[in-house]
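Below is one structure, written out as structure tokens; the observations come after it.
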Amino acid sequence: QVRLVESGGGLVQPGGSLRLSCAASGFTFSTYAMNWYRQAPGKERELVAAITSGGGSTNYADSVKGRFTISRDTAKNMVYLQMNSLKPEDTAVYYCNAGRVYILGPQNYWGQGTQVTVSS
């Protein structure tokens, strides 16, 4: 079975840091781009960070550039999101996502999400 399991969320003060982890299993991890999305109450789910299947390229939402870093460890089937200088507006449920366009069609998998709350 395909599984994406996030961990590392919690409550932090503004300016603090968190490292989110996503453990992947049940699919060929190295062939999928990996992404972090987030969804705040009353808002659309948005892509905040992406990394290519080989880990050679990353992209970020403008709102998190310079503060967040996505990385992957192919040997461990893990994806990480290092979040620094956190702001209250970063408060959201963060979701791990795996995606690729295969010859038979697109494939997407989602984790269950982990809550990040930034508050004094």
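Structure notes:
- Excluding ligands, DNA and RNA, the accessible surface per residue across the stretch 13-56 is 49 Å² with a 1.4 Å probe.
- Carbon and sulfur %, accessible surface of the chain computed with the full protein complex present, 1.4 Å: 48 percent
- Each Lys and Arg Cβ is given +1 and each Asp and Glu Cβ -1; about its Cα centre, the chain then shows a dipole of about 160 debye.
- Take every pair of alpha-carbon atoms less than 8 Å apart whose residues are at least six positions apart; their mean separation over the length of the chain yields a relative contact order of 35 percent.
- 16 Å Cα-Cα reach of K65 towards aspartates and glutamates, excluding residues that sit fewer than 8 places from it in its own chain: E46, E89, D90
- Loop-located GluC sites (Glu not before Pro) in the stretch 17-100, at most 14 other Cβ atoms within 10 Å (DSSP): E44
The values are calculated or read from the model by the stated rules, or taken from the named source; none is laboratory data. This structure is a prediction, so every number in the text was calculated from the model and none was measured. Note: ideal-geometry Cβ built from the backbone for every residue, glycine included; neighbour counts use all protein chains shown. The protein model used for the area step is the full one, side chains on, heavy atoms only, and it has no ligands, DNA or RNA in it. Shrake-Rupley method; radii C 1.70, N 1.55, O 1.52, S 1.80 Å.
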